[in-house]
Each structure stands twice: as structure tokens, then as C-alpha cells.
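The values are calculated or read from the model by the stated rules, or taken from the named source; none is laboratory data. Every value quoted in this text rests on a predicted model; they were computed, and no experiment measured them. Cβ placement follows ideal geometry from the backbone for every residue including glycine, while neighbour counts extend to all protein chains displayed. Ligands, DNA and RNA are excluded from the accessible area calculation, which covers all protein heavy atoms including side chains. Shrake-Rupley method; radii C 1.70, N 1.55, O 1.52, S 1.80 Å.
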Amino acid sequence: EFIDDPTRLDESMLESMMLRHQTGLQVLTAPRMLMPLSAYGSDGIRNLIDVAKRNYEYVIIDLPVVLAPWTDSVLKSATVIYLVAGMSVPSAHRVTKFLDLLREEGVRDLPLKVVANRHHRAGKHGNDITVAQFEKATGRKVDFMIPNDYSLISLSHGQGRPAVRLKPNSPFTVALTEMLGAEFGQEALTQPKRSFFPSGRM
């Protein structure tokens, strides 16, 4: 219904579309059926974000790994953008192309933070390239590094429980908490609040 007529969306309709997790998180999931990214219009996405901001203190959008006609609407409305990348040559290449595209489109001054994901802290071991090499290739500073903890994330997926609750003192949890605390303050991480997570992955 939202795709057919985005102007119908209001707080009540958005609330009815949500799935609720026991942690208090509210999630707007992707449609059950596979749909082209062009099915969503820029005006509809802007309206969705505006309604969500009026209804929730934190709105977090998980973007697909491809660009869509409405991507710039999301980026321009963001308080912070986490660009998550692995420390590899192909990843550095993709980040560079993405940043070049933003410049070509005149999209500047975005609150962009580069996050090194599944990072091995013991020097280059386990990473295709070092953080310094990645920064030199992309021309961007790596703002945060999330350590690799494959076993914890696999356990989290398997049990359906947040990794940060399974192992509150793990290096992964500490790094993630520090990253979010740097942007939103530690108080935002300790007090239960309603949040809105639309997921666009296909």
C-alpha cells in the first residue's frame, strides 16, 4: 500500500507496519516479495523518513549495497552515515568510486564516517591491506574499526540474540559501543528507547 500510494503514510499506518522485538526495537522489514529498487520513489522515501522522525527518537536505515534513485534522499536527511568497508583492495576501489560519484553529483558535506569492518588489530595479519593503505587509496580517514569476531556474530545469528548482549565485554561490543557513543553519547546506549529500523536489503 505504501508503494502504491506513498502519500497515504501517516503515524498510524507506519505503526501498523512495524514488527516489534522483545528489546523494544521496532523494525520495518523488506517486502516478502523481491521488488526492484525503483519501486520506491524519492518523494515516498522522504515522506517515510519524515513520518518516522516525528514518531521515533532514532531512525536507522540499512541501505542496500547498490545506489537507487532515492539514495540521495536518505543520505541528505542523515545525521550520521556509516560507510562500512572491509580492508581489501576491491573494497577500497568501491569506496573510491562511491565518493567520486558523490562529488560528480554535487553531494557534498555529508556526515560520513568510514568504518573498517571485520578488522584484525594485529597489524596487517588477516587484512588484505592495512588501514594506512586503505586511507591512502581512498583519500579518506578510517574513523572506526570494528574487530573481526566471526564466532560471536554467527552465534548471534543462530540464536537471534544481539551480539552485544551475548558478550557484553567482547572487543566487538566495546568497539561498537565506542563508535555509537561517539555520535550519540553514552546515555543513548543505556536507556531503552523506541527506534525505527527499515531494512532495504534484498
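Counting only DSSP H runs of at least 4 residues, each contributing -39500 (n - 2.57), and dividing by the residue count of the chain, the helix-based mean residue ellipticity at 222 nm comes to -12000 deg cm²/dmol.
If you roll a 1.4 Å probe over the chain with all protein chains in place, what percent of the accessible area is carbon or sulfur?
Numbers: 6700 of 12510 Å².
Heavy-atom surface of the chain belonging to carbon and sulfur, 1.4 Å probe: 54 percent.
For segment 51-82, backbone nitrogen atoms closer than 17 Å to the point 7 Å from GLU104 Cα along Cα-to-C-beta are found at 66-72. The label point for ASP143 and the one for SER42, both projected 7 Å from the Cα toward the Cβ, are 2.4 nm apart. Heavy-atom accessible area, probed at 1.4 angstrom with all protein chains present, ranks LEU67, LEU112, LEU25 as LEU67, LEU25, LEU112, highest first.
Quickly rank 9-20, 84-95 as a protection proxy: mean count of other C-beta atoms within 10 Å, highest first. Walk me through the numbers on the way to the answer.
On the way: 9-20: 13.2, 84-95: 16.9.
So the order, starting with the most tightly packed, is 84-95, 9-20.
Using a probe of 1.4 Å on the protein chains alone, the accessible area found for VAL27 is around 30 Å². Computed from label points 7 Å out along Cα-Cβ, the spacing between ILE3 and VAL27 is 2.0 nm.
Principal semi-axes of the equivalent ellipsoid, √(5λ) from the alpha carbon gyration tensor of the chain, are 29, 23, 16 Å from largest down.
Ranked by the mean number of other Cβ atoms within 10 Å of their residues, highest first, the peptides 99-105, 133-139 fall in the order 133-139, 99-105. The count of lysine pairs in the chain that are at least 8 places apart or cross chains, and whose C-alpha atoms lie under 23 Å apart, stands at 15.
Judged by the gyration tensor of its Cα atoms, with axes a ≥ b ≥ c, segment 88-181 is prolate; a/c meets the 1.5 cut and a/b is the larger of a/b and b/c.
Between VAL66 and SER88, the C-beta separation translates, for a Förster distance of 22 Å, into a calculated FRET efficiency of about 0.75.
Modelled spin labels at ARG121 and HIS157, positioned 7 Å past Cα toward Cβ, are 2.4 nm from each other.
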